[in-house]
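Taken together, the values in this text are just the output of simple stated rules run on the coordinates, not laboratory data. For clarity, every value in this text was computed on a predicted model and none was experimentally measured. Glycine gets a Cβ as well: all are built from the backbone with ideal geometry, and neighbour counts include every protein chain shown.
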Amino acid sequence: MLELGRRLGRRRASAAAVKRAANDRTMALVAADPELRAALFRLVDVAPACRGNEELRAHLAAYLEGIEDPGPLASFGSRAIDSRALGRASGGVAATMVRQMAKRFIVGETIVDAARPIERIWRDGATVTVDLLGEATVTEEEGRAYARRCDEALVELSRHAAGWADRPAVEADSIGPIPRVNLSVKVTALTPLVRAAAPERGRADAVGRLRELMRRAAGLGAHLHVDMESMDSREMILDLVLDLLAEPEFAAGPSLGLVLQAYLRDSEEMLERILARAAAAERSVPLTIRLVKGAYWDHETIEAAQHGWAPPVWTDKADSDRCFERLTRRLLDSYPLVRTAIASHNLRSVAYAAAYAEQIGLGPADFEIQVLRGLGDDLQEAVVEAGLRCRVYCPVGDMVSGMAYLVRRLLENTSNASFLASRASGSDLDALLGRP
Amino acid sequence: MTRFVNESVLELRRAVERERLAAALAELDRRGPIEVPTVIGGERRFAPGFDSVDPGDPGRVVARANATTPAEVATAVAGAAAAAGDWRATPAEERAAILARAAGELRRRRYELAALAVRECAKPWAEADADVCEAIDFLEYYGWRAVELEAGPELIQLPGERNTLHYRGRGVAAVIAPWNFPLAIPIGMSAAALATGNPVCLKPAEQSPACALALYEALEAAGLPAGVLSLLPGEGEVGAELVGHPDVQTIAFTGSGAVGLEIIRRAAAVAPGQRHLKRTVVEMGGKNAIIVDADADLDDVVPAVLASAFGFAGQKCSAASRLLVHERVADHLRERLEGALETMLVGQAEDFGTDVPPLIEAASRQRAEEIVAAAAAGGGELARVEAMPDGEGFFFAPTLVFGAPPEARVITEEIFGPVLSVEPVAGVEEACERVDAQAHALTGGIFTRNPRTVAAVAARTPVGNLYVNRGTTGAMVGRQPFGGNRLSGNGTKAGGPDYLLHFVDPVAVTENTVRHGLAP
């Protein structure tokens, strides 16, 4: 495993990788100062709501107030506070910076925009899952509109994917074909009725829309992957998907996926529930489970603290990492009942999965590694070179709707405990590959 | 106890908690109407006088209560006055220990008490549970603060003199409580008085006597001496008797503005033989506005506004009833609010999926309907929930009013119902001017992502509680001291560090320690 990890970790020589490394260093510099980090996130967050550069500058100036050394933000920040003319310019620089950041993580504003970058990923030997960004769904019309966009995306992506060159390595595993088109959907975007204390309301509202999307995916031979979000919607989403899975009309398709969050203390229990239901469903297409650490750690921790609850997540990151490895084994052991996608940028987690799969005799196509567009680009190249299937999570959407996603990703990228941050700061590779 | 921690609310997203609550409600229903006696000096007197009913099903009697007579009020006050000396002399630690035990009683019965608030006041589960928690918090927080207060503050000391400042209980406190926080508010006002050494005559709202009885039982079980607390269920005249009684020292009231002003006026009169000034602690509701700036995140605004305006059907003094929106985002926000309004489920409080429960009584509904009708007649456009439940419950369709004229009641009066007036403004400055023009100043909200805007609004707002980028309800004991200014109240802050000062008299003692030139 160590050898595999070192191989994945050392391979970063491409020109693109060098440019990304420079970006990461800037980011690391900003992230090192908590106040600066907060200012940057707030700026990214508010950018789409600002009309014109002057408004953006005014916000930036307010965020930087009281910060002694604005570091890399200084060029378009504090120096500009006193000068209106310069101020407008600095607002422009900030707007450009935010746009660039968004571009790194978001693959396009629409599926049409995204088609070329997605095809490039395919040409590079990886594949994708597309996530449609959007504003929070608070009305029925917004829920319907999101379902429509998902439906159109399935159709549109299928049209584009038909023209892609054949890549047998990523299009089948030992069980059978793996769909080219892969769409991630959010149940909380399908319905405005998600109520933590009344899961039946959101469920009743979402079930029809999700069923329609499943039918569409089945018709097109596409894969539909249901994302997991916070604890407030988890039970609802899990029950909804598992029940749909058991409906006779879906016995032969579509290929469907769920997400398992290893940072949840009860994630192993949850996996057993999912496996039992998957076994009972008697489908000809296996369920795919994407294993993630989980992206709502701060949210869950803060919410629990404010309400006086025991946090549902591991509070020590090493516990999450260990849980991730236990779940990895259980998942890979469950092949071919379920297909496993290891979604992590942690080299150790990825290498561990690959080594364990090999140890139990799975072929390189019998599981996949998933990375996030803009965050896992280096890893993507390394995984592809190692002959494994790599799927890139590609958000599609406009700036306004993309900001919540962007801030979450930035948080992740700059968290002190994150693998990426450790890597960017030059931590010893073997230490990072050590047992959690 | 050295450090206070808020009681944890139930994790209602877990099915097991919901099942336990539903079971507690079923058990409550099975037991039938609760008999609520008048309790004076530990002695219970009961004859069926008036009923409290389920606002969602008014045919269901929740409690039958004794109607306390004026003579009984006099007996209660006399008993309390007689008990005042011993209770005042009881160390604050001991008083706090009794309150902490009472908190433990409430904790032990929390599922049952939440169910009671659901039944008696149609308070939805999450809010009913929060009410229980706040009741526990008040008992523990005030007990702890009273111990701290007993030590007295530091004074300047010079050679040859010793200065001390002590606070002591004033004497009989009358607590006149509302029904909308049927557990937290009566126990909060009572706990503040008790913790600081004052006996209490508690007059609960006539809509929620059973909740008040549960509070009495908790304090009784905790070992509170019998004479120190009396329970006086009844209608308005019981409160009036208490306010007018010459032996009452302090009046703690939460309720309507009209009653509050009347209490202040009558409390100012000194009866023949009365040797003290009555003090009033008065909390009288609000007309609360949320300001939305152009840079606000509307994804956050919509759910926070709906919860603030329509949660518990708007029957909180902290509820939002005006939305002042920057004109640049007004159309977009209106569209999203109207759409989101349609997702609001009006139903029984006991259903976990209910967003908006019935109002407390028929008169409240009629008044709200009149205000909405007048707004429409004056040119306001209405958006209302269409789907309404069947039955006799006092259901009222949550309503958004757009473009009501400035003098309309929907803009000037507290409604205490699920009605929100939405008004575009040129900017935050204009919004602040509109808020400034109001007589009420309880809570307020501002949604903006500019820290300078937050600072500017915070600096000039008249309200007692300003909430930034969140809803305007749900103040937590010890974290958000709660209370309003202007006609919303006399500036007292429930659950805050200085609340207890309203229930005590300060006494400074200065001793000359010099004797024949010798100072120790």
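Can you compute 3J(HN,Hα) from phi for each residue in the stretch B:453-460, using the Karplus curve 6.51 cos²θ - 1.76 cosθ + 1.60 with θ = phi - 60°, rounded to whole Hz and x for Gly and Pro?
Calculated HN-Hα couplings, in order: 5, 4, 5, 5, 5, 4, 5, 10 Hz.
Quick one: grab the alpha carbon gyration tensor of the stretch A:106-432, order the square roots of its eigenvalues as a ≥ b ≥ c, and give me rounded if a/c is under 1.5, else prolate or oblate depending on whether a/b is larger than b/c.
On the way: a/c = 1.21, a/b = 1.05, b/c = 1.15.
Cα axes put the stretch A:106-432 in the rounded bin.
Rg to Rh ratio, the stretch B:17-284, alpha-carbon atoms and Kirkwood radius? Please report the intermediate quantities before stating the final value.
Working: Rg = 18.8 Å, Rh = 18.9 Å.
So for the stretch B:17-284, dividing Rg by the Kirkwood Rh gives 1.00.
Determine the dipole magnitude for chain A: charges of +1 sit on the beta-carbon of Lys and Arg, -1 on that of Asp and Glu, nothing else is charged, the reference point is the Cα centre, and the result goes in debye to the nearest 20. Working shown, then result.
Numbers: 56 positive and 61 negative charges, 215 e Å.
With Lys and Arg at +1 and Asp and Glu at -1, about 1040 debye.
Please compute one quarter of the surface area of the Cα convex hull for the stretch B:401-520 and express it in square nanometres.
Working: hull surface 50.0 nm².
Averaging across all directions leaves 12.5 nm² for the Cα convex hull.
Considering amide H positions built from the backbone, and no H for Pro or chain starts, which residues 5 or more places from A:R265, or on another chain, come under 5 Å of its amide H?
Here the answer is A:V313, A:W314, since their amide H atoms fall under 5 Å of that of A:R265.
Simple spin-label model, 7 Å along Cα-to-Cβ: A:D166 to B:R470 in nm?
Using points 7 Å along Cα→Cβ, the separation is 6.0 nm.
Please state the charge dipole magnitude for the protein assembly as shown, taken about the Cα centre, from unit charges on C-beta atoms (+1 on K and R, -1 on D and E), reported in debye and rounded to the nearest 20.
Working: 105 positive and 129 negative charges, 431 e Å.
Once rounded to the nearest 20, the dipole reads 2080 debye.
Quick one: divide the alpha-carbon radius of gyration of the stretch B:187-333 by 2.2 N^0.38 Å and tell me what you get. Don't jump to the answer; show the numbers that get you there.
On the way: Rg = 20.5 Å, N = 147, 2.2 N^0.38 = 14.7 Å.
Relative to the 2.2 N^0.38 Å estimate, the stretch B:187-333 comes out at 1.40.
With 10 Å bins from zero, work out the P(r) of the stretch B:156-263 over every alpha carbon pair and list the percent per bin.
Percent of Cα pairs in each bin: 14, 45, 24, 8, 7, 2.
Can you give the relative contact order of chain B as a percent, counting alpha carbon pairs under 8 Å and 6+ residues apart? Mind dumping the intermediate values first?
Working: 1199 pairs, mean separation 89.0, N = 520.
Result for chain B is 17 percent.
Looking only at the stretch B:17-284, where both bridge partners belong to it, what percent of the DSSP beta bridges are antiparallel (to the nearest 5)?
Values: 9 of 28 bridges.
Roughly 30 percent of the beta bridges in the stretch B:17-284 run antiparallel, per DSSP.
Report, for chain A, the % of DSSP beta bridges that are antiparallel, rounded to 5.
Working: 2 of 37 bridges.
Of those bridges, close to 5 percent are antiparallel.
Using the Kirkwood radius built from alpha carbon pairs, what does the Stokes-Einstein equation give as D for the stretch B:288-468 at 25 °C and 0.890 mPa s, in µm² per second? Let's see the in-between values first.
Numbers: Rh = 16.3 Å.
So the translational diffusion coefficient is about 150 µm²/s.
With N residues in the stretch B:24-64, what two-decimal value do you get for its Cα radius of gyration over 2.2 N^0.38 Å? It would help to have the intermediate numbers written out before the result.
Numbers: Rg = 12.0 Å, N = 41, 2.2 N^0.38 = 9.0 Å.
Expressed relative to 2.2 N^0.38 Å, the Cα Rg reads 1.33.
Just rank B:M189, A:M214, B:M476, fewest to most, by other beta-carbon atoms within 10 angstrom.
Working: B:M189 30, A:M214 23, B:M476 16.
Result, fewest neighbours first: B:M476, A:M214, B:M189.
Once every DSSP H run of n ≥ 4 in the protein assembly as shown is given -39500 (n - 2.57) and the sum is divided by its residues, what mean residue ellipticity at 222 nm do you get, rounded to the nearest 500 deg cm²/dmol?
Counting only the DSSP helices, I get -15000 deg cm²/dmol.
Could you list which residues have their amide H under 5 Å from that of A:V392, counting only those 5 or more apart in sequence or on another chain, with H placed in the peptide plane?
Amide H neighbours of A:V392, under 5 Å, 5+ apart: A:T127, A:V128, A:T129, A:V371.
Would you compute, for the Cα atoms of the stretch A:114-183, the largest minus smallest coordinate along each principal axis and list the three values in descending order, in whole Å?
Dimensions of the stretch A:114-183 along the principal axes of its Cα atoms: 43, 28, 18 Å.
Structure shown: which of A:K103/A:K186; B:K123/B:K287; A:K186/B:K316 lie over 25 Å apart, alpha-carbon to alpha-carbon? Write out the running numbers ahead of the final one.
On the way: A:K103/A:K186 22 Å; B:K123/B:K287 21 Å; A:K186/B:K316 34 Å.
Violating the 25 Å limit, Cα to Cα: A:K186/B:K316.
Given the Cα atoms of chain B, and with Rh set as the inverse mean 1/r over their pairs in the Kirkwood sense, what is Rg to Rh to two decimals? Could you put the intermediate results ahead of the total?
Values: Rg = 23.8 Å, Rh = 23.9 Å.
That ratio is 1.00, to two decimals.
Which whole-Hz ³J(HN,Hα) couplings does the stretch A:238-246 yield from phi under the Karplus relation 6.51 cos²θ - 1.76 cosθ + 1.60, θ = phi - 60°, glycine and proline marked x?
Once θ is set to phi - 60°, the couplings for the stretch A:238-246 become 4, 4, 4, 5, 5, 5, 4, 4, 7 Hz.
How large is the convex hull of the C-alpha atoms of the stretch A:187-235 per residue, in Å³?
Values: hull volume 3.2 nm³, N = 49.
Spelled out: Cα convex hull of the stretch A:187-235, divided by residues, is 65 Å³.
Could you put A:S184, B:S488 in order, starting from the residue whose Cβ has the fewest other Cβ atoms within 10 Å? Please list the in-between numbers first.
Details: A:S184 21, B:S488 29.
Result, fewest neighbours first: A:S184, B:S488.
Could you pull out every one of the lysines with an alpha carbon less than 23 Å from that of A:K317, ignoring same-chain neighbours closer than 8 positions?
A:K293
Give me D for the stretch B:353-418 in µm² s⁻¹, whole number, from Stokes-Einstein with Rh from the Kirkwood sum over alpha-carbon pairs, 10 °C and 1.306 mPa s. Don't jump to the answer; show the numbers that get you there.
On the way: Rh = 12.4 Å.
Rounded, D is 128 µm²/s.
Residues with amide H under 5 Å of B:I291's amide H, sequence separation 5 or more or different chain, H placed in the peptide plane at 1.01 Å from N; which?
B:L324, B:G445, B:I446, B:F447
What is the diffusion coefficient of the stretch A:245-347 in µm²/s, taking the Kirkwood radius over Cα pairs and the Stokes-Einstein relation at 37 °C with a viscosity of 0.692 mPa s? Don't skip to the answer; put the middle values down first.
Values: Rh = 14.6 Å.
Result for D is 225 µm²/s.
Where both partners of a DSSP beta bridge lie in chain B, what percent of those bridges are antiparallel, to the nearest 5?
Working: 27 of 69 bridges.
The antiparallel proportion sits near 40 percent.
Under the Karplus relation 6.51 cos²θ - 1.76 cosθ + 1.60, θ = phi - 60°, what is the ordered set of whole-Hz ³J(HN,Hα) values for the stretch B:491-502, x standing for Gly and Pro?
Karplus-based 3J(HN,Hα) across the stretch B:491-502 equals x, 7, 10, 5, x, x, x, 10, 4, 5, 4, 6 Hz.
Can you tell me which lysines have their Cα less than 18 Å from the Cα of B:K203? Leave out same-chain residues fewer than eight positions away.
Result set, ordered by chain and number: B:K278.
What share of all Cα pairs of the protein assembly as shown, in percent, falls into each consecutive 20 Å distance bin?
With a bin width of 20 Å, the distribution comes to 13, 38, 33, 14, 2, 0.
With N set to the number of residues, divide the alpha-carbon radius of gyration of the stretch A:289-377 by 2.2 N^0.38 Å and report two decimals. Before the final figure, lay out the partial values.
Details: Rg = 14.8 Å, N = 89, 2.2 N^0.38 = 12.1 Å.
Computed over Cα atoms of the stretch A:289-377, the ratio equals 1.22.
About its Cα centre, what dipole magnitude does chain B give when the only charges are +1 on Lys and Arg Cβ and -1 on Asp and Glu Cβ, stated in debye to the nearest 20?
On the way: 49 positive and 68 negative charges, 310 e Å.
Roughly 1500 debye for chain B.
Considering only C-alpha atoms, what is the centroid distance from the stretch A:267-286 to the stretch A:133-193, in Å?
Here the two parts' Cα centres lie 22 Å apart.
Modelling each spin label as a point 7 Å along the Cα-to-Cβ direction, I'd like the B:A100/B:D498 distance in nm, to one decimal.
Going from the B:A100 label point to the B:D498 one covers 2.8 nm.
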